[in-house]
Amino acid sequence: MRGSGPPSPAGDRHWRGSARLAGCCALVFCALAELVDWDAHTLTPLRALVWLTLSLAVFTVLLPPHVSAGPGLLTTRGPLYRRTIHTDALTAVTQYGGVSSHLVLRDVHGHRLELDPRVLIANPLLWHELDTGARRSLERGTLHQGFDVLRRLGRRIDDETVRAVLGQSGLS
């Protein structure tokens with residue numbers, strides 16, 4: 001029998017794979033840099049430390065933020081920060097396009113969070129938490145800007161889900 005505590009938060013189910021890829025890229029960079037330096041007979045302990053530090057920087061840059069959501073909350077955590085917004089108290093949602101599209105969410109407490117919409121598309125539980133909170137915000141009258149952005153994103157997520165289901169069933 002399950003415990004009667006609060007429900008566990010939904011999380012990005014693809015984050016571990018992305019974090020592993022970032023770690024592998026950083027390790028390969030470190031290994032290749034030190035191998036080239038060693039082959040040139042210029043590798044010293046100080047240079048090895050520089051390559052290790054640069055590899056750590058590569059890992060930090062490549063590591064995607066970990067996104068999780070619970071009732072009324074959406075959180076992103078990176079190596080150097082943690083941002084949380086109250087999805088049931090949203091004031092604005094904007095989407096910026098370009099090469100990498102991203103959502104910017106703001107709540108009544110002044111918190112701001114940026115999020116790649118592909119994370120929501122790939123994780124229906126995260127989308128459900130955000131959508132539920134946004135609908136509460138709309139009902140409470142706090143969401144003044146951007147519900148149409150969420151509606152378009154919801155349609156896109158529904159379309160992707162239908163395609164995936166049809167593809168898995170062989171009907172596409």
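The values are calculated or read from the model by the stated rules, or taken from the named source; none is laboratory data. Please read all numbers here as calculations on a predicted model, not as lab measurements. Every residue, glycine as well, gets a Cβ built from its backbone with ideal geometry; the counts of neighbours run over all protein chains shown. Ligands, DNA and RNA are stripped out before the accessible areas are found, and what is left, the full protein with its side chains, is counted by its heavy atoms. Shrake-Rupley method; radii C 1.70, N 1.55, O 1.52, S 1.80 Å.
In this structure, the amide hydrogen of D116, modeled 1.01 Å from its nitrogen in the peptide plane, lies closer than 5 angstrom to those of L103, counting only residues at least 5 positions away or on a different chain.
Share of carbon and sulfur in the accessible area of the chain stands at 60%, probe radius 1.4 Å. Taking a ≥ b ≥ c as the square roots of the eigenvalues of the alpha-carbon gyration tensor, segment 1-96 is classed prolate because a/c is 1.5 or more and a/b outweighs b/c.
Rounded to the nearest 10 degrees, the inclination of helix 15-39 to the longest alpha-carbon principal axis of the chain is 20 degrees.
Using θ = phi - 60° in the Karplus curve 6.51 cos²θ - 1.76 cosθ + 1.60, the 3J(HN,Hα) couplings for segment 67-79 round to 9, 9, 9, x, x, x, 9, 9, 10, 10, 10, x, x Hz; x is entered for Gly and Pro.
Over segment 24-75, accessible surface divided per residue gives 64 Å², non-protein components excluded, 1.4 Å probe. Look at the Cα gyration tensor of segment 57-103: its axes a ≥ b ≥ c give a/c of at least 1.5 with a/b at or below b/c, and that counts as oblate. Among the trypsin sites (Lys or Arg not before Pro) within segment 4-90, those in coil by DSSP and having at most 14 neighbouring Cβ atoms inside 10 Å are R13. Overall form of segment 48-172: oblate. Here a/c, set by the Cα gyration tensor axes a ≥ b ≥ c, is 1.5 or more, and a/b is not larger than b/c.
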